[in-house]
Structure formats: C-alpha cells, structure tokens
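*Asks:* Just dropping this structure here.
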Amino acid sequence: MKKIVFLISMVALFLIGCEKEFYVDQNPGAKVSAFNLEDFDGKKVSSKKLMDNGKKTLFVVAAEWCPHCKVELPEVQKFYDKYKDKVNVIVVFTNSNTDLGKTKDYVKTNEYTFPVFYDKDGSILRGFAVQGFPYNVVISNNKVEKFLEVPVDFDSLVQDLGK
C-alpha cells in the first residue's frame, strides 16, 4: 500500500512539474491562452475572468523603478479613470530588480486605482517575452490586436482603445 501511495505521489509531482507555461506569440492576431495573475495579496485570478467580457484590454507590464513607466503610468491612470467602463486595464508589475514591498509602496504613493498585479515568479515576463519596460499590448477577443509604441499617453490610448 505504501508503494502505491508513493508511486501516485511521484506521478502527481511529475505532472505538476511538467505543466507548460503559457506563451504569447508576438504577432498581431495571435491567440492569448488563459494564464493566471496574482494580486498584491497573493490571490490568483484567471485572465479569462478579467478579459472575457467583450471589451478590449490594455495589458501593461511595468516596473516601479522604470523611468519610462513613471512617465507612462499617470497617463494610464487618467485613461482608466475615463474609460474603465469601456476598456479593461490590467497593469502587472515585474519582480525584476525589485520586490513586492517596494511595488506596493509605489502604487500607494501614486494613488493608482487601476487593477494591479505582481509577477512574483516571472511567468508573465516569460509568457509575453517582455524585453523592456513598459510593455503595452492591446488584447481583443483573446487575441493580440497590437503592441503599443512607448511611451503611451492619454491621447494615444484614446486613439488606440477609447473609441
């Protein structure tokens, strides 16, 4: 009996270890498969729950230490304030060269109210093949619509998403 329990445990560990991370093709029109996000309190949320509502999604990967993000995120906040009922806005902060505490302080200090998440294990960076910050992509109907040139501002966000 102990051998059977051990064998089942080993198979379960193997299957968990083999779980494939998601990957997003970097071409417009590419399908974005479901993935999990984690909020600042460690609660996991499925991307399907956040994005499968018929609205376009502005998906941003940022870093609290990034000078371009410090310029861009106030513009994202302004856009979110005006268009949150028409467009999903999701901002994921990286764990690269920082930690959750610094990121929480940054968001609180700047009084950001858009939905924020933390990529504590780097899976979002790998899945989206993020090469630099900020990283901005428009997702529509679970497909990549377009990547936005940095830096974005309120007017360019309205042009790309707010119509």
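*Asks:* List the residue pairs whose Cβ atoms are under 7 Å apart, where the first residue sits in the range 89-112 and is among the basic types (Lys, Arg), the second is surrounded by fewer than 20 Cβ atoms within 10 Å (Cβ to Cβ), and the two are 6 or more positions apart or on different chains.
*Replies:* So the pair list comes out as LYS104/PHE40.
*Asks:* Also, I was wondering about something else. Has the range 48-68 got at least one residue that is open to solvent by 100 Å² or more (accessible area, probe 1.4 Å) and either over 29 Å from PHE154 (Cβ atoms) or at pLDDT below 95 (or both)?
*Replies:* Here is the first cut: in the range 48-68, the residues open to solvent by 100 Å² or more (accessible area, probe 1.4 Å) are 48-49, 68.
Restricting the remaining residues to those that are either over 29 Å from PHE154 (Cβ atoms) or at pLDDT below 95 (or both) gives 48-49.
The answer is yes, given that some residue of the range 48-68 is open to solvent by 100 Å² or more (accessible area, probe 1.4 Å) and either over 29 Å from PHE154 (Cβ atoms) or at pLDDT below 95 (or both).
*Asks:* Sticking with this structure for a sec: With among the hydrophobic types (A, V, I, L, M, F, W, C), within 13 Å of CYS69 (Cβ to Cβ) and touching a Pro at 6+ places or on another chain (Cβ under 9 Å) as the only criterion, which of VAL144, VAL150, VAL107 stands out? Give the derivation first.
*Replies:* Working: VAL144 fails: within 13 Å of CYS69 (Cβ to Cβ); VAL107 fails: touching a Pro at 6+ places or on another chain (Cβ under 9 Å).
It is VAL150.
*Asks:* Among (1) modelled with pLDDT of 85 or more; (2) in a loop (DSSP other than H, G, I, E, B); (3) in contact with a helix residue (DSSP H, G or I) (Cβ under 8 Å, 6 or more places away or on another chain), which single condition is GLU21 missing?
*Replies:* For GLU21, the failing item is (1).
*Asks:* While we're on this one: Is it the case that some residue within the range 103-111 is open to solvent by less than 20 Å² (accessible area, probe 1.4 Å), over 20 Å from ASP25 (Cβ atoms) and not hydrophobic (A, V, I, L, M, F, W, C)? If you could, list the steps in order and put the result at the bottom.
*Replies:* Step one: filter the range 103-111 for residues open to solvent by less than 20 Å² (accessible area, probe 1.4 Å), giving 103, 107.
Next cut, over 20 Å from ASP25 (Cβ atoms) only: 103, 107.
If we keep only those that are not hydrophobic (A, V, I, L, M, F, W, C) too, we end up with 103.
Taking every residue of the range 103-111 in turn, at least one turns out to be open to solvent by less than 20 Å² (accessible area, probe 1.4 Å), over 20 Å from ASP25 (Cβ atoms) and not hydrophobic (A, V, I, L, M, F, W, C).
*Asks:* Restricting the search to the range 120-155, which residues are closer than 23 Å to ASP85 by Cβ and open to solvent by 30 Å² or more (accessible area, probe 1.4 Å)?
*Replies:* ASN141, ASN142, LYS143, GLU145, LYS146, ASP153, PHE154, ASP155
The values are calculated or read from the model by the stated rules, or taken from the named source; none is laboratory data. Given the structure is predicted, the values throughout are model-derived calculations rather than measurements. When we count neighbours, we look across all protein chains shown, and the Cβ atoms used for this are built from the backbone with ideal geometry, even at glycine. Note: accessible area is taken over every heavy atom of the protein model, side chains too, but ligands, DNA and RNA are not part of it. Shrake-Rupley method; radii C 1.70, N 1.55, O 1.52, S 1.80 Å.
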